[in-house]
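Taken together, the values in this text are just the output of simple stated rules run on the coordinates, not laboratory data. Given the structure is predicted, the values throughout are model-derived calculations rather than measurements. Positions of Cβ are generated from backbone atoms using ideal geometry, with glycine treated the same way; all protein chains shown enter the neighbour counts.
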Amino acid sequence: MGRRLEVWPELESTNDEAWDLLAAGAAVGTVIVADVQTRGRGRSGRTWHQAPRRGLALSVLLLPRERCPLTLVPLLAGLGLAEGLESLSVETELKWPNDVLIGGRKVAGVLCESRSGSGPARTVVMGVGVNVAEGPEDFPPEIHGSATSLRIEGNDLGREEVAAAFLNRLERLWILAEERGGAPIVEGWRRRATFWGRRVAVATRSGRLAGVAEDLDAEGRLLVQLDAGGRAALWAGEPELDPGMRIER
């Protein structure tokens with residue numbers, strides 16, 4: 001992983017560049033990094049805000065194997081980021097489905113894309129964004145209260161060492177998933193989440209669901225005991241935590 005590394009002074013999107021490279025014959029494991037990303041995107045069509053030459057924008061071409069479900073790839077990415085930052089003495093927590101937090105504020109995010117008909121079957125582009133050296137002034141007003149950076153949290157790290165730490169952990173986790181399936185990924189992710197037993201409201205395509213976050217299943221779905229009764233297994237959504245009561249598991 002990373003045996004071919006492309007570093008660009010500026011790109012609209014590292015994910016888009018990864019797809020273009022795949023169409024041109026790039027190998028699985030190719031890594032793309034941009035000093036400036038002008039049209040970065042997050043999940044659900046959101047914009048990913050990155051200060052030029054202060055944040056890390058990185059994408060990797062991957063080919064998931066059958067033993068690791070495609071649905072676990074975003075969780076594997078988040079776990080790789082968390083473990084990579086931990087190796088640099090940064091304590092983090094994970095928020096489903098793929099946000100990395102410090103003190104409850106987002107420091108990194110993941111966008112994984114899979115396009116049928118582009119290259120080998122089930123090829124995935126894993127895009128990650130990490131707020132490394134941003135200051136408070138670099139974030140738009142609408143995310144001031146929810147975003148942070150490694151620098152703001154007192155960690156003097158460079159983008160290169162953050163990228164290297166992430167790729168090292170990602171490769172280890174990828175090999176682990178190929179050898180043992182998704183169970184170690186789910187367990188590692190579960191240990192780094194702090195919202196188990198908390199009441200959550202989750203915005204889904206079919207509406208808003210409220211209940212208690214219980215666990216992940218083997219495919220990475222969030223299991224929620226619903227206030228209205230029954231249990232939901234969610235593939236995607238935006239959970240909001242209730243700051244109040246925690247239910248003991």
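Of note:
- Ranking 145, 88, 114 by Cα position along the charge dipole of the stretch 58-160, where only Lys, Arg, Asp and Glu carry charges on their C-beta atoms, puts 114 farthest toward the positive end.
- Per-bin percent of Cα-Cα distances, the stretch 157-249 [10 Å]: 15, 37, 26, 20, 2
- Segment residue 231-residue 144, extension gain: residue separation times 0.36 nm, minus the distance between their alpha carbons: 27.9 nm
- Selected from 5, 15, 68, residue furthest toward positive end of dipole (the stretch 1-85; charges at beta carbon): 68
- Computed over the chain: relative contact order in percent, which uses C-alpha pairs under 8 Å that are six or more apart: 17 percent
- Taking only the C-alpha atoms of the chain, the Rg (one decimal) and the largest Cα-Cα distance, Dmax (whole number), read 17.6, 53 Å.
- The spread of Cα positions in the stretch 198-246, taken along each principal axis and listed from longest to shortest, comes to 29, 21, 19 Å.
- The GluC sites (Glu not before Pro) of the stretch 142-249 that DSSP puts in a loop, and whose beta carbon has at most 15 other beta carbons within 10 Å, are 153, 219, 248.
- DSSP-assigned coil residues among trypsin sites (Lys or Arg not before Pro) in the stretch 181-230, each with at most 12 further Cβ atoms within 10 Å: 205
- In the chain, the DSSP-assigned H stretches of four residues or longer account for a calculated mean residue ellipticity at 222 nm of -7500 deg cm²/dmol, using -39500 (n - 2.57) per stretch and the full residue count as denominator.
- Note that the stretch 197-214 has calculated 3J(HN,Hα) couplings of x, 8, 6, 9, 10, 10, 7, 10, 5, 8, x, 9, 10, 10, x, 10, 6, 9 Hz, one per residue in order, obtained from phi through the Karplus relation 6.51 cos²θ - 1.76 cosθ + 1.60 (θ = phi - 60°); glycine and proline are x.
- Charges were assigned to the Cβ only: +1 to each Lys and Arg, -1 to each Asp and Glu. The resulting dipole of the stretch 5-192 about its Cα centre is roughly 640 debye.
- Measuring nothing but how far apart in sequence close Cα pairs (under 8 Å, 6+ apart) lie, relative to its length, the stretch 198-246 scores a relative contact order of 40 percent.
- Ranked by how many other Cβ atoms sit within 10 Å of their own Cβ, fewest first, the residues 92, 47 fall in the order 47, 92.
- Taken one residue at a time, the phi angles of the stretch 86-92 give Karplus couplings (6.51, -1.76, 1.60, θ = phi - 60°) of 4, 5, 9, 6, 10, 7, 9 Hz. Gly and Pro are set to x.
- Footprinting exposure proxy for 14, 204, 123 (fewest neighbouring C-beta atoms within 10 Å first): 204, 123, 14
- Between residue 191 and residue 28, the FRET efficiency from the beta-carbon distance, with R0 = 22 Å, is close to 0.15.
- Around the Cα centre of the stretch 198-246, unit charges on the Cβ atoms of Lys, Arg, Asp and Glu (plus for the first two, minus for the last two) sum to a dipole of about 120 debye.
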